[in-house]
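Structure record follows, encoded as structure tokens.
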Amino acid sequence: MKICIDCNFAEMVQIANHPDKVLACTHGECRDPISGVPLPLTTARSQEAFCGIKGRYFKLKELIAKPDTTIIQLNK
């Protein structure tokens, strides 16, 4: 299943007329056709003119491996 949170184009952005940042789609085809601002994920996925329910522009995020932060202390 294509989940927007797992998509490379899903980001927290500030959108006009919203007091808080929202999760939005930053793909070029999923922008407001008049103002050009990114659309909230719910709008982009619910409208077939944009990404649609099938997730037409979905691209899986690259998983970044966490570096090993284990510290080993050697006593002399």
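Just so it is clear, none of the values below were taken in a lab; they were calculated from the coordinates. All values reported here derive from a predicted model rather than from experimental measurement. Backbone-built Cβ (ideal geometry, glycine too); neighbour counts: all protein chains shown.
Going by C-beta contacts inside 10 Å, put Asp32, Asp20 in order with the fewest on the left.
Ordered from fewest to most neighbouring Cβ atoms within 10 Å, Asp32, Asp20 come out as Asp20, Asp32.
Let me spell out the model: positive unit charges on the Cβ of Lys and Arg, negative unit charges on the Cβ of Asp and Glu, origin at the Cα centre of the chain. What dipole size does that give, in debye rounded to 20?
220
Could you tell me the relative contact order of the range 4-46? Use alpha-carbon pairs under 8 Å, at least six residues apart, and round to a whole percent.
The value is 31 percent.
Kindly point out, ordered by number, any Cys in the chain whose beta-carbon has no other cysteine beta-carbon under 4.7 Å away.
Cys4, Cys7, Cys51 - these cysteines have no disulfide-compatible partner (Cβ-Cβ under 4.7 Å) in the chain.
How big is the C-alpha Rg of the chain next to the rule-of-thumb value 2.2 N^0.38 Å, as a ratio?
Relative to the rule-of-thumb radius for its length, the chain sits at 1.58.
Can you pull out the GluC sites (Glu not before Pro) in the chain that DSSP calls coil and that have at most 15 other Cβ atoms within 10 Å?
Glu29, Glu48, Glu62
7 Å from Cα along Cα→Cβ at both Thr26 and Ile72: what's the point-to-point distance in nm?
It works out to 3.8 nm between the two label points.
Can you tell me the alpha carbon radius of gyration of the range 1-44 divided by the globular rule-of-thumb value 2.2 N^0.38 Å?
1.09
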